Amino acid sequence: MRQFLDIKEQHADAIVLFRLGDFYEMFFDDAVVAARQLDLTLTTRDKGKEDAVPMCGVPHHAARGYVAKLIELGHKVVIAEQVEDPKLAKGLVRRAVTRIVTPGVFLDEESLEPGVGRYVAAIVRGGAGEADNLLGLAYLDATTGEFRAATLRADALADELARVAPRELVASADDLASNVVARVQRRLRAATSPVVIPEADEARAALAEAGLPLPGEPAPARAPAPAAPGRRRARPAAPAAPTAAAPDAGEDARALALRAAAAVLRYAQATQPGGALPVVRLEVYETSDALGLDETAVADLELVETMLGKRKHGSLLEVLDHTATAPGARLLRRWLLFPLVDVAAIRRRQDAVAWLVERPEELAGLLAALREIADLERLAGRTTLGVATPRDLARLRDALARLPALAERLTRAAASSVELPPVLDVAPLVDPAVARLHARLAAALVDAPPTLLKDGAVIRDGVDAVIDECRRLADGGKEEILAIEVREREQSGIGSLKVRYNRVFGYYIEISKSQLGRVPAHYQRKQTVATGERYVTAELAELERKVQTAEATLAERELQRFTELVREAAAVAPELSAAGAALAVIDTCCSLGEAALRYGYTRPDVDDGLVLHIEDGRHPVIERLLRAGEFVPNDCHLDPGADQLLLITGPNMAGKSTFMRQIAHIVILAQLGSFVPARRATIGLCDRIFTRVGAADDLSAGDSTFMVEMRETAAILARATRRSLVVLDEVGRGTSTFDGVSIAWAVCEFLHDAIAARTLFATHYHELVALAESRPRVRNFSVAVREHHGTIVFLRHLVPGGASRSYGIEVARLAGLPRSVISRARQILGRLEGGASLGQSPQLSLLAHVAAPTPALSEVERRLREVDLDQTTPLEALAILAELRRLGA
Ligand code: ADP
């Protein structure tokens, strides 16, 4: 118990699995929690006593699954092993923590999703002064060594992390409690751990010690390590020299990213007392390096999972994903979530995809070849971490074996025609260090080694003289022992004599009861059993000793050789990582090429302009759900100078959201380097895509749908630029019709007048079509509908001009509302459209107004009289004011 309590004290926030013989036991609260969540039987130690300790346990061979389950439930797990041989230990067997498993640092291959990175992230909030609302963010995938850090504004954190989706957040205790961190933590449902965040100098030193070159660091001469403390002390004097403020602020900002990086590295490293993290490079990036996609856009556009059900099936990722390897799948996901904003870089990716699309046979061949290659990144990671099994090394060997052929396939195809596009870089696949490692593994490892070292031969014959000799002795010894059986039978004349083996006595000779009279004198009796007696001979004992010594030496020597091989693999970690990355890029480009070929995508023209021009665009996901030719393509032309805001009206279910989402998808696809579902497309680069589509799902926070909608709209209006693409669907729907129309109207005006961002605005308030009269860059479009014998047919075709009516009742009828309700609704609508007021309801009478204009002045008057000041919020008041001005204008 002492040992357990010591360990528990060090790891109060974790569930401690304490090894006792063949079980891992848990005690106290750990046991209570684990018993409940893992469905184990809760028992007690020292049964019957007053203060009996609750405990429960899992068999050691089944621990993996239980640990995985605890991790998925968000727990941290500490594993304390017996670190002494129980046979040799004097007194209590010593135990020590050998592994810490956390939701963010989780290496269990069987439980990890192959195509998704497993990240732990650190957050550091800026101190006082200018950097106040800045944050340092770093995240790390301990299975592959992917490691990035950035400094960003506090209000960008949620969006960035929504894309990274770390499973665990570490930060100082204060920062964890802060609003900004607590909010993202709740949304991500990430586990948290408080850590001590290193100061900037300490962080730089820690990163340097981990062998990570920091790109763009100021030359060491500028900030020599010993001088640093003095410099820090001198800082309060800075305001006296205002010219120094700007560069200093920049450096402070960068320091935040580095401090977060050092913190997350240290945290992850501490979980792995037995090995090093496979981290070879830290990428310091800016959030502006990628197309801005906020949390809502990622969710609304169903980029990697659907809104309902949160499944990959039905997402854009699923349509694009034809990758053949896990690293490829992870990279594709990253490309999709972080499209580019650099035209040259986008074109380089397009070149690669185009090259493959032009060579469908090569593309198919490459994908087939890639399919044979295991997850090189994670295998390399496991060697560095020291958790690689013999089978892992064999898989690494087999993966490496296929690299040269893959490289050759690409270069051969290139040699016969044009040059290989630079993105398809094969150099890391044929790196001499990688080739050397492969040769070593191929020569040393048996073809199919067991998972566990103790389960059999790992090193080939002929590699190590000692191993060969021991194997010969062990095998030879066993053969000799069998020979003894034959000889002893002959000599003693006992035909049923048998040489047998068990763990307690080793080899022995067994004689059945009826033959006991014929036992030779030199046999030594060992044990009596029901069927007879067991004996040993000096010769047998000697041979057995020889076999055992040989086997022990063999095991030790194999372990030594195996450890050497793992170490050699770990030594080329940077080269393996580069090869893995190159492979991932090739796979991802092949996947994009495959999607382009299968679904008839074309290469878009991406440029620095602001024009967005799409001919016959399609929705990449919805068209897959329909039969060929069923999806109706649509054009789209957006240009902040002329056709800036497309106001799309039409009844529900007409296809408005589908159209708008497809434009956003096409832009994202274009900027990630993919081909797009359109006959032709020109994409003037976007800096951000904002969306406000579909049902809000943030009701858990206690806000009304309308509040969420307004908050998201406010964020868009605050952040959109002329280069952004804004997609708004049914803004204002969450409130009364009158408020809704007013807000929608005012939002459109703002987007037109103040921002001039390319905007798609869908609404079923057909009153908004009047906007185009006063705003020159607003264009009305509607989704065509054909009326047919009092019913409607959706044509899915976008046509110029606004919808004249909303067809709400027809849609309601299609949805199956009772016939009596429909006909009553028609009757009421008829009266409203005729200008009549229903009298009882101010809402309805207002509606009548909008629908049937009366002279402007009386409208203003009447509207004013109807305002119930006691029931009006300031926001509503503003909207009313805007409406009054419009009515009066
Ligand atoms: P709205 O936003 O106008 O209410 P949606 O965009 O949700 O309508 O479209 C409703 C349904 O119509 C979609 O789920 C899809 O099945 C179908 N649809 C939409 N656009 C098209 C199209 N261009 N071609 C074929 N079917 C479409």
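Here are the numbers:
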| read-out | value |
| --- | --- |
| Residue among T563, T549 that is more than 21 Å from P800 (Cβ to Cβ), surrounded by fewer than 17 Cβ atoms within 10 Å (Cβ to Cβ), within 37 Å of the chain's Cα centre (by Cα) and more than 16 Å from the ligand (Cβ to nearest atom) | T563 |
| Top-ranked residue in region 290-309 [being among the acidic types (D, E) and over 19 Å from A720 (Cβ atoms); ranked as least open to solvent (accessible area, probe 1.4 Å)] | E302 |
| Elements of type helices (runs of 4 or more DSSP H) in region 333-406, at least 3 residues being buried (at least 23 other Cβ atoms within 10 Å of the Cβ) | 343-357, 376-385 |
| Wholly within region 155-257, helices (runs of 4 or more DSSP H) carrying at least 1 residues that are at pLDDT 90 or above | 157-164, 173-177, 179-188, 200-209 |
| Residues (touching a residue at least 24 places away in the same chain (Cβ under 8 Å), away from the ligand (no atom under 16 Å from the Cβ) and farther than 23 Å from R885 by Cα) located in region 711-746 | E712, A715, I716, R719, A720, T721, R722, R723, S724, L725, V726 |
| Hits in region 639-686 (condition: open to solvent by 10 Å² or more (accessible area, probe 1.4 Å), β-branched (V, I, T) and more than 16 Å from the ligand (Cβ to nearest atom)) | T682 |
| Residue selected from region 452-468 under the condition surrounded by 14 or more Cβ atoms within 10 Å (Cβ to Cβ), in contact (Cβ under 8 Å) with a residue 40 or more places away in the chain and in a helix (DSSP H, G or I), by the criterion farthest from the chain's Cα centre (by Cα) | V466 |
| Wholly enclosed helices (runs of 4 or more DSSP H) of region 825-889 bearing at least 2 residues modelled with pLDDT under 55 and surrounded by 12 or more Cβ atoms within 10 Å (Cβ to Cβ) | 842-851 |
| Matching residues in region 489-515 - criterion: being over 14 Å from A541 (Cβ atoms), touching a residue at least 24 places away in the same chain (Cβ under 8 Å) and surrounded by 14 or more Cβ atoms within 10 Å (Cβ to Cβ) | S492, I494, E510, I511 |
| Test for E575: is it within 16 Å of the ligand (Cβ to nearest atom), in a helix (DSSP H, G or I) and either basic (K, R) or crowded, with 19+ Cβ neighbours inside 10 Å (or both) | no |
| Hits in region 629-638 (condition: in contact with an Asp or Glu (Cβ under 7 Å, 6 or more places away or on another chain) and within 16 Å of the ligand (Cβ to nearest atom)) | F631, P633, D635 |
| Extreme residue, surrounded by the most Cβ atoms within 10 Å (Cβ to Cβ), among residues of region 687-718 that are basic (K, R) and modelled with pLDDT under 90 | R692 |
| Criterion: at pLDDT 95 or above and hydroxyl-bearing (S, T, Y) - qualifying residue of T383, T306, T325, T389 | T325 |
| Within region 754-803, strands (runs of 3 or more DSSP E) holding 3 or more residues that are closer than 19 Å to V727 by Cβ and away from the ligand (no atom under 14 Å from the Cβ) | 778-788 |
| Residue match in region 595-609 (condition: within 23 Å of the chain's Cα centre (by Cα), farther than 21 Å from V726 by Cβ and either more than 13 Å from the ligand (Cβ to nearest atom) or surrounded by fewer than 24 Cβ atoms within 10 Å (Cβ to Cβ) (or both)) | yes |
| Matching residues, region 292-314, being within 18 Å of the chain's Cα centre (by Cα) and aliphatic (A, V, I, L, M) | L293, A297, V298, A299, L301, L303, V304, M307 |
| Every residue from region 422-436 that is open to solvent by 10 Å² or more (accessible area, probe 1.4 Å) and either touching a residue at least 40 places away in the same chain (Cβ under 8 Å) or not aliphatic (A, V, I, L, M) (or both) | P422, V423, D425, V426, A427, P428, D431, P432, A433, R436 |
| Verdict on V821 being surrounded by fewer than 16 Cβ atoms within 10 Å (Cβ to Cβ), assigned to a strand (DSSP E or B), free of Cβ contacts under 8 Å to residues at least 60 places away in the same chain and of a type outside the set (S, T, Y) | no |
| Enumeration of residues in region 610-628 that are charged (D, E, K, R) and within 12 Å of the ligand (Cβ to nearest atom) | D616, R618, E623, R624, R627 |
| Evaluation of T296 against (1) out of contact with any strand residue (DSSP E or B) (no Cβ under 7 Å at 6 or more places or on another chain); (2) farther than 30 Å from E575 by Cα; (3) in a helix (DSSP H, G or I); (4) among the hydroxyl-bearing types (S, T, Y) (one fails), failing number | (1) |
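The values are calculated or read from the model by the stated rules, or taken from the named source; none is laboratory data. A quick note: this is a predicted structure, and the numbers were derived from the prediction, not measured. Please note: Cβ atoms are built from the backbone with ideal geometry, for glycine as well, and neighbour counts cover all protein chains shown. For accessibility, only protein heavy atoms count, side chains too; no ligands or nucleic acids. Shrake-Rupley method; radii C 1.70, N 1.55, O 1.52, S 1.80 Å.
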